[in-house]
Amino acid sequence: MTRLRTVAVVGCGIGRSHIVEGYVPNADKFRLLAICDIDEIKMHALADEFSVERRIADFDDLLAMDDLDIIDICTPPKLHFPMVMKALKAGKHVICEKPLVGSLSEVDQVIAQEKLSKGRLMPVFQYRFGDGIEQAKAIIDAGIAGKPFIGSVETFWTRGPDYYEVPWRGKWATELGGVLMTHAIHQHDLFNYLMGDIKRLFGRVATRVNKIEVEDCVTASIELTNGALASFTATLGSADEITRIRLTFEHVTFESDHEAYNPGAKPWVILPRDQATKDKIDALLKDWKHVPSRFQTQMARFFDALENDSALPVTSADSRRALELVTAFYYSSLTHQDVELPIPNDHPNYESWIPAAFRQTDEVPHGNRS
């Protein structure tokens, strides 16, 4: 009989989604051992809901639990780096919400620590999972789509003053960025996942929707290493909410389902250029088996990777690529220049993209993330 992997969820906001979507459907793989949050009301409410006995206020107490396998970090972004590093040094496996950390310097330190730790780290990019995204990925990986030509990513979401009533949101020191960092990062990851690495970016960021420190509107022109071109646009001021990814390849054009928070779940529009390509696609997908979306599949594949010592479904290298895009975006907007990737460790934004005036702040609590 396969041993259940024990999990502690840290943070009772999005942590609840990890439980509902990730651990409950995978009850044959995971056992929820502990809930950790400094907000005792939220902690007890979540623990009561899922009959979890251990209720922990101090994160460090988790590190000493010999019967705990995995620490799932769902705290405000500012706290990800110290918590990930502590958990890895303690030999725990780690799952961490996006953004993994707050700079290229920090992600490089995490990658270095991973090599020394017996624990493994999986960042969260749950939008990668589901029938739509995985069918597109299968067609591309099979070579059917051919050469990539051009793509666009549109993240048109809505966030108003009520969203920013949570004290750590909308602030550089605690949220580490705005729509680019905490919202569109998912869709930009999907683009890289399907189309390839970015070579050059010219971007703009602006704060036009809300009275906050960080940006809520962005746009960029992109050149990929494979020669393809793309545009990225995101806002938190849309009257409705959609996520749209459209990718044109030599033989196939893909367009995502427009559902804002689960663009990978439903089948995408797949437009083959000719009958021969359609026949290849039909043959490839003929015996397709349903892939549950978001956390359910990501957590299941994390379990399989631990059991089989195989490749993780999402890696720290994937997070580094996403953070390199963020770094380039902010620097391009600041300097009004193209930014070429990869970004070297002597780049002005390698240590931080946060404006100098906002880099010093009091520590924030590791609790509620809603």
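So which chymotrypsin sites (Phe, Trp or Tyr not before Pro) in the stretch 1-89 pass both tests, a DSSP loop state and at most 16 other Cβ atoms within 10 Å of the Cβ?
For chymotrypsin sites (Phe, Trp or Tyr not before Pro) across the stretch 1-89 that sit outside H, G, I, E and B with at most 16 neighbouring Cβ atoms in 10 Å, the list reads Phe50.
Relative contact order, percent, of the stretch 142-290 when contacts are C-alpha pairs under 8 Å separated by at least 6 residues?
Relative contact order here is 30 percent.
For the stretch 222-271, calculate the relative contact order in percent as a whole number, restricting contacts to Cα pairs under 8 Å that are 6 or more residues apart.
Rounded, it is 24 percent for the stretch 222-271.
How are the alpha carbon pair distances in the stretch 154-280 distributed across 5 Å bins from zero to the largest one, expressed in percent?
Reading upward from the zero bin: 2, 10, 18, 20, 18, 14, 9, 5, 3, 2, 1, 0.
According to a simple spin-label model (label point 7 Å from Cα along Cα-to-Cβ), what is the distance in nm between Asp67 and Ser231?
5.8
When the chain is fully extended, how far beyond the present Cα-Cα distance does Phe50 get from Asp274, taking 0.36 nm per residue of separation?
Contour length minus Cα-Cα distance gives 75.5 nm.
Considering only protein heavy atoms and a 1.4 Å probe, what is the carbon-and-sulfur percentage of the accessible area of the chain?
In the chain, the share of accessible area belonging to carbon and sulfur is 50 percent.
Scan around Leu68 for amide H atoms under 5 Å from its own, H built in the peptide plane at 1.01 Å from N, and keep only partners 5 or more places away or cross-chain.
none
Give me the net charge of Ser310's neighbourhood, meaning all other residues with Cβ under 12 Å from the Cβ of Ser310; Lys, Arg count +1, Asp, Glu -1.
-1
For the chain, what does the relative contact order come out to in percent, with C-alpha contacts under 8 Å and a separation of six or more?
About 22 percent, as a whole number.
Which pairs in the list Lys199/Lys280; Lys42/Lys86; Lys137/Lys286; Lys42/Lys78 are over 22 Å apart, alpha-carbon to alpha-carbon?
Where the Cα-Cα span goes over 22 Å, the pairs concerned are Lys199/Lys280; Lys42/Lys86.
Based solely on its DSSP helices, what 222 nm [θ] is calculated for the chain when runs of n ≥ 4 H residues each add -39,500 (n - 2.57) and the sum is averaged over all residues, nearest 500 deg cm²/dmol?
My calculation for the chain gives -9000 deg cm²/dmol from helical runs alone.
Classify the stretch 152-221 from the C-alpha gyration tensor, please: rounded if a/c falls under 1.5, else prolate or oblate depending on whether a/b exceeds b/c.
The shape class here is prolate.
Grab the Cα-Cα distance for Asp58 and Ser221, subtract it from 0.36 nm times how many residues apart they are, and report the gain in nm with one decimal.
Stretched fully, the Asp58-Ser221 segment lengthens by 54.3 nm.
Give, in nm to one decimal, the length gained when the segment between Leu284 and Asp304 is fully stretched (0.36 nm per residue of separation minus the Cα-Cα distance).
This chain segment gains 4.8 nm when fully extended.
Please state the shape class of the chain: rounded when a/c is under 1.5, otherwise prolate if a/b exceeds b/c and oblate if not, all from the C-alpha gyration tensor.
oblate
In the stretch 89-201, what is the volume of the convex hull around the alpha carbon atoms, normalised per residue and reported in Å³?
169
List the residues of the stretch 287-330 whose backbone N lies under 19 Å from a point placed 7 Å from the Cα of Phe358 along the Cα-to-Cβ direction.
Residues 323-330 qualify, since their backbone N sits under 19 Å from the label point.
What shape does the stretch 205-304 have by the C-alpha gyration tensor, where a ≥ b ≥ c are the square roots of the eigenvalues, rounded means a/c under 1.5, and otherwise prolate means a/b greater than b/c and oblate the rest?
Because a/c hits 1.5 or more and a/b fails to exceed b/c, the stretch 205-304 counts as oblate.
In nm, give the distance between the simple-model label positions of Arg204 and Phe149, each being 7 Å from the Cα along the Cα-to-Cβ direction.
According to this spin-label approximation, the distance is 2.7 nm.
Please report, for the Cα atoms of the stretch 1-125, the Rg to one decimal and the Dmax as a whole number; what are they, in angstrom?
Rg, Dmax (Cα atoms, Å): 13.7, 42.
Using 1/(1 + (r/R0)^6) with R0 = 25 angstrom and r between the beta carbons of Ala138 and Leu4, what's the FRET efficiency to the nearest 0.05?
The formula returns an efficiency of 0.25 here.
Over the stretch 224-370, one equal point on each Cα, no solvent: what is log10 I(q)/I(0) by the Debye formula at q = 0.15, 0.16, 0.20 Å⁻¹?
-1.28, -1.38, -1.42
The values are calculated or read from the model by the stated rules, or taken from the named source; none is laboratory data. Owing to the predicted nature of the structure, the values given are computational and were not obtained by experimental measurement. Don't worry about glycine lacking a Cβ; one is built from the backbone with ideal geometry, like all the others, and counts go over all protein chains shown. Quick note on the areas: whole protein, heavy atoms, side chains included, nothing else; ligands and nucleic acids left out. Shrake-Rupley method; radii C 1.70, N 1.55, O 1.52, S 1.80 Å.
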